[in-house]
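**Student:** This is the structure I want to talk about, given as structure tokens.
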Amino acid sequence: MPDTASRPGMLEQQAHRLSAVGDWTLPHYARLRDAVARVHEADSVDLAQLGELDTSGASLLVDLLGPDAVSDIAEWAPGLPPERQALLKAVADATRLRPLPPPAPRPAPLAALASLGQVVEQLARQQLQLIAFVGLTLSTLLTTLFTPWRWRLTSLVAHVQQTGLNAIPIVALLTFLVGAVVAFLGATVLRDFGATIYTVNLVAYAFLREFGVLLAAILLAGRTASAFTAQIGSMKANEELDALRAQGLDPMELLVLPRVLAMTVSLPILTLIGMLCGMFGGALVCALALDISFAQFIAIVQRDIPLGHFLVGIGKAPLFAFVIAVIGCLEGFKAEASAQSVGEHTTSSVVQSIFMVILLDALAALFFMEMGW
């Protein structure tokens, strides 16, 4: 056999028979493809002078000879090395495979049910992951609780400032405005019944039981849960979490617990500020529009509003804070190593946090109503 190691592949007509000579490899693919296209199909090809052969060249030989002829290559080209025969047969077998026909379109009702089933399955998986992550967080908290030398006090204080102190202006402003709106609406409705004095009760009940904690929790869900997800997701994308594990540090203890505890401390304080600012907004409207002075407003609150309403509202704050922080951290750990994934999980953390806060608040309202609290 002549040396063809450095010869480019080609098709040669020798004594009324085609011969494949030279290297049938990827660098020569374009020229060989044109040569094969001019021949269309051949009954047999002399492969005695064939040089190097790779998958691209084998695919051209299969196109030239046909899959059936290549399957019988051991009979008409016995001198070809076994490994090249195996390569040509593998390419021929792959050529015979035909793609599966596209699935028949489902009727519209079945397609809607399938989509609904996928959504329910995805929601169930999310809730199972959340429950598992809550268990992991609580177990890590219990483990760390009795080892004070492992507490991350500096990180805790920093996150309290980030989640609580820096959020005071926006919480105070929003609850003040909502309190004013609630007082306006109450005065408008109650004026027809000559009971505008009960606007004070409406504002106090609304903010002590519901609006104070709910507005603060929703603001932190959009402001802080997204920040937790973005921070942890960016650390995962930059492989900082792997670096922490390589140093023997637990990301749950180092990253999750300070954020969860900081939220648990911050949200009750923000709830109290939200209650006071909301009631102040309502008192201001009562003073300006209803001739109910601040002293009279405070006297009515002290006389008619039991302390239990305040305890109900402030008691929901730690639960909401824990759920918001856990969801924000979990979505950060679920993010992949790309900016798009971090953005998607940041959005998901905000949506899930707000949904869970409203759901838990509704369940708590039903429970307290049934209990008569």
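The values are calculated or read from the model by the stated rules, or taken from the named source; none is laboratory data. All values derive from a computational prediction rather than experimental measurement. Cβ: placed from backbone, ideal geometry, glycine included. Neighbour counts: every protein chain shown. Ligands, DNA and RNA are excluded from the accessible area calculation, which covers all protein heavy atoms including side chains. Shrake-Rupley method; radii C 1.70, N 1.55, O 1.52, S 1.80 Å.
**Student:** With everything on Cα atoms, drop me the angle between helix 82-96 and the longest principal axis of the chain, reported from 0 to 90° to the nearest 10.
**Tutor:** Its long axis makes an angle of about 60 degrees.
**Student:** Is segment 83-151 rounded, prolate or oblate when judged by the Cα gyration tensor, a ≥ b ≥ c being the square roots of its eigenvalues, rounded requiring a/c under 1.5 and prolate requiring a/b larger than b/c?
**Tutor:** Details: a/c = 10.78, a/b = 1.72, b/c = 6.26.
It comes out oblate by the Cα gyration axes.
**Student:** Right, next: How large is the accessible surface of D72 in square angstrom, using a 1.4 angstrom probe and rounding to the nearest 10?
**Tutor:** 70
**Student:** Let me ask something additional. Heavy-atom accessible area per residue, segment 60-135, 1.4 Å probe: how many Å²? Numbers along the way, then the final one.
**Tutor:** Values: 5210 Å² over 76 residues.
Per-residue value: 69 Å².
**Student:** From the helices alone, meaning DSSP H stretches of at least four residues, give me the mean residue ellipticity at 222 nm for the chain, per-run term -39500 (n - 2.57), in deg cm²/dmol to the nearest 500. All intermediate terms of the calculation are to be shown ahead of the outcome.
**Tutor:** Numbers: 16 runs with 259 residues, N = 373.
Calculated at 222 nm, the ellipticity per residue is -23000 deg cm²/dmol.
**Student:** List the residues whose amide H sits under 5 Å from the amide H of E52, counting only those 5 or more places along or on another chain, with H placed 1.01 Å from N in the peptide plane.
**Tutor:** D23, W24
**Student:** Here's a follow-up. With angles folded into 0 to 90 degrees, how steeply does helix 168-191 sit against the dominant principal axis of the chain? Use alpha carbons for both and round to 10.
**Tutor:** 60
**Student:** Here is a further query. Let me know the charge dipole size of the chain about its Cα centre in debye, to the nearest 20, where only the beta-carbon of Lys, Arg (+1) and Asp, Glu (-1) is charged. Don't skip to the answer; put the middle values down first.
**Tutor:** Working: 22 positive and 30 negative charges, 311 e Å.
In debye, rounded to 20, the chain gives about 1500.
**Student:** When a/c reaches 1.5 or more, the comparison of a/b and b/c decides; with that in mind, is segment 81-205 rounded, prolate or oblate per its Cα gyration tensor?
**Tutor:** Details: a/c = 3.95, a/b = 1.78, b/c = 2.22.
Because a/c hits 1.5 or more and a/b fails to exceed b/c, segment 81-205 counts as oblate.
**Student:** To check you understand DSSP bridge types, tell me what percent of the beta bridges within the chain (both residues inside) are antiparallel, rounded to 5.
**Tutor:** Numbers: 5 of 10 bridges.
Here the antiparallel bridges make up roughly 50 percent for the chain.
**Student:** Now for a separate question. Which parts of segment 326-353 would a label at L123 reach, counting a residue when its backbone N lies under 19 Å from a point 7 Å out along Cα-to-Cβ?
**Tutor:** Correct set: 327, 348-353.
**Student:** Quick one: which residues, 5+ away or cross-chain, put their amide H under 5 Å from the amide H of L18? H built at 1.01 Å from N.
**Tutor:** Long-range HN contacts for L18: D46.
**Student:** Nearest 10 degrees is fine. How inclined is helix 226-237 to the longest principal axis of the chain, computing both from alpha carbons?
**Tutor:** Compared with the principal axis, the helix lies near 30 degrees.
**Student:** Give the carbon-plus-sulfur fraction of the accessible surface of segment 154-275 in %, rounded to a whole number; probe 1.4 Å, heavy atoms of protein chains only. Before the final figure, lay out each step's value.
**Tutor:** Details: 3630 of 5220 Å².
C and S fraction of accessible area: 70 percent.
**Student:** Sticking with this structure for a sec: For a test of the definition: using alpha carbon positions, the gyration tensor, and the 1.5 limit on a/c, classify the chain as rounded, prolate or oblate. The partial results should precede the final answer.
**Tutor:** Details: a/c = 4.24, a/b = 2.93, b/c = 1.45.
The shape class here is prolate.
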